[in-house]
1. Output wanted: per-residue J couplings in Hz (rounded whole) for the stretch 66-73, from phi through Karplus 6.51 cos²θ - 1.76 cosθ + 1.60, θ = phi - 60°, x for Gly and Pro.
2. When Lys and Arg each count +1 and Asp and Glu each count -1, what net charge do the other residues less than 12 Å away from N68, Cβ to Cβ, add up to?
3. For the chain, what are the per-bin percents of Cα-Cα distances with bins 10 Å wide, up to the bin holding the maximum?
4. Near S36, within a Cβ-to-Cβ distance under 14 Å, what is the net charge of the other residues, with Lys and Arg +1 and Asp and Glu -1?
5. Just in the chain: which trypsin sites (Lys or Arg not before Pro) are loop by DSSP and have at most 11 other Cβ atoms within 10 Å?
6. For the chain, what does the helix formula give at 222 nm: sum of -39500 (n - 2.57) over DSSP H segments with n ≥ 4, over the residue count, nearest 500 deg cm²/dmol?
Amino acid sequence: MDNPFKKILQDEKLPVYIKDRVIDNLNFIKLSLDVSELYAVKVPQALGSIALDNNKKREEELIKKIINEKNNEKKDE
């Protein structure tokens, strides 16, 4: 069986339109990876950080409320 890669002419240049198509395909792949990273990684991270910030704020408010209630109970005694 002959190796088909040995049949390729090495002195011939690749046409410009094929080079452009290859570059366009690579750019499309890169764009696809960027978009998928955005929706698979960045958006969930952002939503998670927002949720954690809200939880921290609520937790701090509850702690302050409990401390204030304890201080008010001590003043009443």
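1. 5, 4, 5, 5, 5, 5, 5, 5
2. Taking every other residue near N68 into account, the sum is +2.
3. 14, 16, 15, 14, 11, 9, 8, 6, 4, 2
4. Result for the local shell: 0.
5. Here the trypsin sites (Lys or Arg not before Pro) that fit, given the DSSP loop and packing criteria, are K13.
6. -26000 deg cm²/dmol
Read-outs throughout are calculated quantities, based only on the coordinates presented, and are distinct from any laboratory measurement. These figures come from a predicted structure and were not determined experimentally. Cβ atoms come from the backbone with ideal geometry, glycine included; neighbour counts cover every protein chain shown.
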